[in-house]
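Here is the structure we will look at, set down as structure tokens.
The values are calculated or read from the model by the stated rules, or taken from the named source; none is laboratory data. Treat the numbers as computed from the prediction; the structure is a model and nothing was measured. Heads up, the Cβs are rebuilt from the backbone with ideal geometry, glycines too, and the neighbour counts pull from every protein chain shown. Accessible surface areas use protein heavy atoms only, side chains included; no ligands, DNA or RNA. Shrake-Rupley method; radii C 1.70, N 1.55, O 1.52, S 1.80 Å.
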Amino acid sequence: MKINEPQGSILFQKKPWSNNPNPIWLASTVTLLRNIEKFKFPGKLDDDRKKQIVSLVSKDLLADGATAVGGLTKPSLIKGESIGALEKEYLVEHFMSSHNYNEAGAGEGFILDESGEFLATLNMNDHVHLQLLDIKGELENTWSRLVKIETALGKKLNYSYLPKFGFLTADPTQCGTALLVTVYLQVSGLVHMGIVDDILEKIADESFYISGIQGNPNEIIGDILMIQNNYTLGLTEENIISSMRSLTTKLIVEETSTRNQVKKDNSADMKDKVSRAYGILTHSYQIESVEALNALSLLKLGAEAGWISGIGNRELNELTFNCRRAHLLHECTEKISQEEIPHKRAEKIHKALKEVKLLT
Amino acid sequence: MIDQFENNGDGENKLPDRPLECSECKKGIAVCYTEIVGDVITRVSMCADCPELQRRLHGAHIHHAGASHEETATGVACGNCGTTLESLRVGIPLGCSVCYEVFDDILIDELLSSEKIPERLAKGKKTSPIHIGRAPGESQEMNPSLRLLALNEALNETLKKEDYEQAALLRDQIKALTENKESSQGKPHENK
């Protein structure tokens with residue numbers, strides 16, 4: 001298996017999340033779903049019509065006007081059929097997407113820009129999903145930037161809209177504002193102190209959907225919570241964003257004080273967990289990504305408690321993103337088989353943790 | 001016979017390729033259904049309100065749980081794209097914007113039963129617009145004070161808990177934000 005680098009490799013140019021010093025807030029995405037008036041939704045469109053949508057949207061998004069308004073830098077179109085399954089997986093990982101881009105073929109497409117933060121998917125569920133990735137915790141600004149892109153595009157195309165239902169989407173549970181805000185928080189402290197469920201029950205209500213990064217609410221991987229707004233209809237975009245801001249601020253406060261508590265308690269049990277995680281990461285011959293993400297989260301907890309030296313949040317966050325399959329493969333220069341991946345991952349982690357020491 | 005779905009046993013080290021969905025339709029899994037007939041054990045995962053589940057539990061003829069208007073509406077389909085009410089019920093995406101006008105109130109009922117719109121809307125009149133916010137062509141910028149409100153709320157809570165270290169951190173964020181706001185004032189506000 002090897003990743004190809006087509007299209008001047010705009011896919012691999014920038015990794016916005018690779019320099020993130022934030023201990024808890026790993027990433028967030030803001031997405032607007034839009035369909036174009038008079039066209040049926042992608043599920044009912046034939047390939048010719050889909051291609052028409054691709055050329056319509058890309059013509060407008062790639063035009064100079066939109067570039068200036070939306071702040072996009074040199075956007076370019078990648079057609080679904082022009083990249084392979086691994087490149088699509090890379091996109092999924094890069095944008096923390098819960099969609100599977102694997103089925104994207106001749107009638108689908110992606111528009112990316114040089115920043116590595118913007119993604120438009122074409123004909124996947126809806127005609128256009130406009131998305132911005134952010135790692136600085138700037139939900140409000142990210143949304144404003146996205147709205148600029150959306151209105152710039154909206155000047156050239158008419159979006160499907162009804163006053164009653166707002167912007168219309170193929171999935172009726174997403175109509176209205178058709179705005180999805182997703183925040184990824186790593187709550188290592190809450191998970192390992194066993195209080196994450198209590199805290200969530202206390203501060204999160206039914207207007208949020210909380211799950212693990214694979215979209216399964218019963219499996220939290222790497223202690224990372226994926227928090228998304230549950231409602232898109234019946235409230236304004238500002239409401240959605242400010243309630244997300246409020247929830248995440250509270251969660252971050254809880255997580256920070258729990259991490260401080262972990263440090264203060266200095267408990268043997270927690271130290272044992274961290275040491276074992278360190279052992280797994282530094283001594284495994286092969287390691288699957290779920291196990292790696294879980295152990296890396298514990299390492300972060302240990303580093304903050306001062307039980308581990310030689311690594312900081314920046315490096316741990318980067319490793320968290322880079323040890324996933326497609327990113328791992330992208331770094332490999334030679335072709336490797338599926339079976340070799342866990343070993344490659346272990347090797348990569350060993351190298352990254354070379355300077356890390358367990359303090360007693 | 002029905003267990004709340006907890007974990008997909010084999011999922012420990014392998015990432016599933018796509019989010020888990022009901023074996024009969026496209027909704028999320030809520031129920032693990034095990035059927036034992038003689039020596040044969042069949043196990044399927046389904047969503048909570050799957051018509052197939054209702055059929056298996058209560059027999060073939062009661063597959064729509066009550067509600068007479070549902071039965072009369074069963075034959076409804078969108079004239080523009082052919083999407084049927086049945087397919088809508090099992091979570092298959094809508095086919096076009098006309099579907100919204102065809103299914104109208106049924107859609108709202110569906111959204112209510114899957115808890116996808118805020119509860120307060122359930123009480124309102126169905127004919128009034130339920131969408132609030134921007135229409136096409138309107139652009140808007142976030143009022144920076146909304147973020148301040150959230151931070152202040154969190155600050156008050158930490159003060160109540162007498163967690164002064166956290167409170168100081170939050171206060172720093174608030175300070176940084178207010179300073180930013182002052183320096184960026186005077187920018188044109190894009191609002192049509």
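Tabulated results
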| quantity | calculated |
| --- | --- |
| Mean projected area in nm² (Cα convex hull; one quarter of hull surface) for region A:268-358 | 5.4 nm² |
| Magnitude of the charge dipole, region A:23-134, Cβ model with Lys/Arg +1 and Asp/Glu -1, debye to 20 | 400 debye |
| Loss of accessible area when A meets B, both sides summed, Å² nearest 100, probe 1.4 Å | 5500 Å² |
| Length released on extending from A:Arg276 to A:Lys74, taking residue separation times 0.36 nm less the Cα-Cα span | 68.1 nm |
| Region A:10-256, accessible surface, carbon-and-sulfur percent (1.4 angstrom probe) | 48 percent |
| Mean projected area (nm²) of the alpha-carbon convex hull when region A:62-173 is viewed from all directions | 7.6 nm² |
| Average other protein chain Cβ within 10 Å of Cβ, residues B:79-85 | 2 |
| Three-way shape label, region A:262-314, alpha-carbon gyration tensor, a/c 1.5 | prolate |
| Solvent-accessible area of B:Phe103 with every protein chain in place, 1.4 Å probe, in Å² to the nearest 10 | 0 Å² |
| Percentage relative contact order, chain A, counting C-alpha pairs under 8 Å, at least six apart | 21 percent |
| Translational diffusion coefficient (Stokes-Einstein; Kirkwood radius from C-alpha pairs) of the protein assembly as shown at 4 °C, 1.567 mPa s, in µm²/s | 51 µm²/s |
| Cα Rg, Dmax (largest Cα-Cα span) when computed across region A:215-293, Å | 17.7, 52 |
| Cβ-derived FRET efficiency at R0 35 Å, B:Asn143 paired with A:Gln261, nearest 0.05 | 0.50 |
| Phi to ³J(HN,Hα) by Karplus 6.51 cos²θ - 1.76 cosθ + 1.60 over region A:138-152, Hz, x for Gly, Pro | 9, 3, 5, 5, 4, 4, 4, 4, 5, 4, 4, 5, 5, 6, 4 |
| Heavy-atom accessible area order for B:Arg171, B:Arg55, largest first, 1.4 Å probe | B:Arg171, B:Arg55 |
| Where only alpha carbons of region A:10-256 are counted, the Rg and the Dmax (Å) | 17.9, 55 |
| Nearest-20 debye value, the protein assembly as shown charge dipole, Cβ charges on Lys, Arg, Asp, Glu | 1260 debye |
| Positive-end extreme of charge dipole, region A:10-256 - chosen from A:His192, A:Ser242, A:Leu72 (charges on Cβ) | A:Leu72 |
| Residues of region A:132-152 buried by at least 30 Å² on assembly (accessible area, 1.4 Å probe, chain alone as reference) | A:Glu140, A:Trp143, A:Ser144, A:Val147, A:Lys148, A:Thr151 |
| Heavy atoms of A:Met270 accessible to a 1.4 Å probe, total area in Å² rounded to 10 | 10 Å² |
| Chain lengthening between A:Asp48 and A:Arg314 when straightened (0.36 nm per residue, less Cα-Cα) | 91.2 nm |
| Cβ-derived FRET efficiency at R0 22 Å, B:Asn152 paired with B:Asn180, nearest 0.05 | 0.90 |
| In Å², nearest 10: area of A:Arg49 left accessible to a 1.4 Å probe | 110 Å² |
